[in-house]
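Here's the structure, in structure tokens; my notes come after.
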């Protein structure tokens, strides 16, 4: 019998929440340092921004450099793809999302939601 090991990730949905500043994030931590701070304490973050707008390859590359090895981002699919009565009609929106540069995350690309 073969034993299968599963990796479990612990994370949050997003990283830019005002109520977290001074509570989870140290007081005075610049907003630009929030992803790296969270990445040092968690193993995953769900990116809500990909739901609301397209990101650039440069943004995905930047995010990948801000977190440690072993960390993954879970990307939400764009609302134009997932908020449809007929999901079968979302092909073009899904293709745009997949072609937007998400592979720039490299090994930090986790699940697509």
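Between residue 18 and residue 92, the simple spin-label model (points 7 angstrom out along Cα→Cβ) gives 3.7 nm.
For residue 32 and residue 61, compute 0.36 nm times the residue count separating them, minus their Cα-Cα distance, and round to one decimal in nm.
Residue separation times 0.36 nm, minus the Cα-Cα distance, leaves 9.0 nm.
On the principal axes of its alpha carbon atoms, segment 51-113 extends 39, 19, 16 Å, with the longest extent given first. For segment 1-55, the normalised intensity computed at q = 0.16, 0.25, 0.31 Å⁻¹ comes to -0.57, -1.06, -1.28 (log10 of I(q)/I(0), Debye sum over alpha carbons, equal scatterers, no solvent).
Two numbers describe the Cα atoms of the chain: Rg and Dmax, which are 15.7, 53 Å.
Only the coordinates and a few stated rules stand behind these numbers; no lab work does. Remember, predicted model here, so these are calculated numbers, not experimental data. Note that we place each Cβ from the backbone using ideal geometry, even for glycine, and neighbour counts take in every protein chain shown.
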